[in-house]
Amino acid sequence: MDERTDTSSPPTREPLIEFTGVKKRFGPKVIYEDATLSIYPGETITILGGSGTGKSVLIKMLIGLLRADAGSIKAFGHEVTTMNEAQLLSVRTRIAMLFQSGALFDSLTVEQNIKYPLREHAWGTDAQMKARVEEVLEMVGMPGSQKLKPAELSGGMRKRVGLARAIAIQPEVILYDEPTTGLDPVNVRRINGLILSLQAKLGVTSIVVTHDMDSCFTVTDRIAMLYDKRIAFVGTADETETCTIPYVREFIRGGRGVLSEDVT
């Protein structure tokens, strides 16, 4: 019996992003047999799942860093799975990603790191790019840090610079890959606050990949839970907390999922 459940009431507007029947495997290891999920404009949706359930795989397939084996992935009404690299570049100007490590270039200053995607996408003049760097650093609470190198930054500061770089190109969607992993409680609260404030200020759609329950319920509108090689449950935070489905209840109470090999 298919236990997949969507208890939430989807918005009346059209989805911004759609995964339909997506399949993905790495050699003999099957990650997805049938991943189906709709994401709507302006919402924050959190992807939950244990180690090895493919949380990060899902968002990497959305921007073409990994390719789906079968199924459909649509963003802004366009099919992503058939795009070439040039076409994917246009998608990546609208969808930004904060990688788990921050993924800063160690040899570049903070300013140069943030300017990197601006230059890649021919975003404005040098003066405009400099002003944009100042603007986004202010947004993430790091004004005046332009000349620092990544080695001079704490883990939390690296995440914030990574976030500044992600929002610099004014994306419509932000992907957060384990944004609070490895951070102390103070920085966890800071990052959660930034996710909420950017959502309010920029009106972006946010997809947050995490296994941090506190962060999940702090920032999310809806939760999608990965289980048994598919997106098995979708619901609001309240619906998730009161859900009686065994695997959802177990995970919310501290379960770590059903797979032990981490491919997220």
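Every number in this text was worked out from the coordinates using simple rules, so none of it is lab data. No experiment lies behind these values; they were computed from the predicted model shown. Backbone-built Cβ (ideal geometry, glycine too); neighbour counts: all protein chains shown.
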task: Determine the relative contact order of the stretch 94-172: mean sequence separation of Cα pairs under 8 Å and six or more apart, normalised by residue count, in whole percent.
output: 51 percent
task: Using a/c under 1.5 as the rounded threshold, could you call the chain rounded, prolate or oblate? The axes a ≥ b ≥ c are square roots of the C-alpha gyration tensor eigenvalues, and prolate needs a/b larger than b/c, oblate otherwise.
output: prolate
- line: Computed, not fitted: 222 nm per-residue ellipticity of the chain from DSSP H runs ≥ 4 (each -39500 (n - 2.57)), nearest 500, equal to -10500 deg cm²/dmol
- line: Out of I47, I245, I17, a Gaussian network model of the chain with alpha-carbon springs under 10 Å gives the largest mean-square fluctuation to I245
field: Linear extension gain, A86 paired with R25, 0.36 nm per residue minus alpha-carbon span
entry: 19.5 nm
- line: When the chain is treated as a Gaussian network with springs between alpha carbons less than 10 Å apart, the largest mean-square fluctuation among P179, P246, P150 is found at P246
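Can you classify the stretch 134-187 as rounded, prolate or oblate using the Cα gyration tensor, where a ≥ b ≥ c are the square roots of its eigenvalues, rounded means a/c under 1.5, and otherwise it's prolate if a/b beats b/c and oblate if not?
Numbers: a/c = 1.92, a/b = 1.06, b/c = 1.81.
Judged from the Cα gyration tensor, the stretch 134-187 comes out oblate (a/c at least 1.5, b/c at or above a/b).
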- prompt: Quick one: if the Förster radius is 30 Å, what FRET efficiency do R189 and S51 give, using the C-beta to C-beta distance and rounding to 0.05?
  reply: 0.80
query: For the stretch 24-142, what is the relative contact order in percent, using Cα pairs closer than 8 Å and at least 6 residues apart in sequence?
result: 13 percent
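Looking only at the chain, where both bridge partners belong to it, what percent of the DSSP beta bridges are antiparallel (to the nearest 5)?
50 percent
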task: Work out the FRET efficiency for E152 and D126 from their Cβ-Cβ distance, taking R0 = 22 Å, and round it to the nearest 0.05.
output: 0.35
- request: Please report how far the C-alpha centroid of the stretch 115-141 lies from that of the stretch 71-113, rounded to the nearest whole angstrom.
  value: 17 Å
message: Place a point 7 Å from Cα of D228 in the direction of its Cβ. Which residues in the stretch 22-55 have their backbone N less than 13 Å from it?
response: 33-34
query: Which value in nm describes the separation of the simple spin-label points at E241 and E134, placed 7 Å from the Cα toward the beta carbon?
result: 4.3 nm
- prompt: R0 = 30 Å: FRET efficiency of L202 with R67, Cβ-based, nearest 0.05?
  reply: 0.55
- line: Taking a ≥ b ≥ c as the square roots of the eigenvalues of the Cα gyration tensor, with a/c under 1.5 meaning rounded and otherwise prolate when a/b exceeds b/c and oblate if not, the stretch 182-229 is oblate
query: Relative contact order for the chain: what is it in percent, counting Cα pairs under 8 Å that are at least 6 residues apart?
result: 30 percent
